[in-house]
1. At 1.4 Å probe size, with every protein chain present, just tell me what the per residue accessible area of region 15-120 comes to in Å².
2. Of all accessible surface on region 51-114 at a 1.4 Å probe, what whole percent is carbon and sulfur?
Amino acid sequence: MKIWAALLMLALCGCASKRAPTEYDVITKRPKPTNDEARRQECAWIDTSLQRQKVLASYVAATSTYPELALAHQDAAQRNMAVLASRAQQISCNPAGASGSFDECFARCTQYTQRTKEQCFDACNK
């Protein structure tokens, strides 16, 4: 009987504990960039991170042999993208390519990210 009571206590304590924040949850708590250059760099990082999450979600869906694992990864990617989009809105980012031409997108991508020219071409050509 003592074992059942101990298991019950463990189950109740486990249900009552809060989920530890992920690194993406911490993003929205960061202070806003102090100048326009810092904001542009963070916006470029957000755009790159959003693309990475989209690729990860589609890759896992296409290659996973376990549907539950694919769904778990897709859920995590969707949560991460929601946090990134919230941060982008919070610091007034414009989506890549939305505010200008291909040339402007390409220039921003090569200047503010670590992407190669080929990666920037692919990202801006979507």
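1. 68 Å²
2. Accessible surface attributable to carbon and sulfur in region 51-114 totals 55 percent.
The values are calculated or read from the model by the stated rules, or taken from the named source; none is laboratory data. Note that the structure is predicted; figures quoted are calculated from it, not measured. Accessible surface is based on the protein model in full, side chains and every heavy atom, while ligands, DNA and RNA are left aside. Shrake-Rupley method; radii C 1.70, N 1.55, O 1.52, S 1.80 Å.
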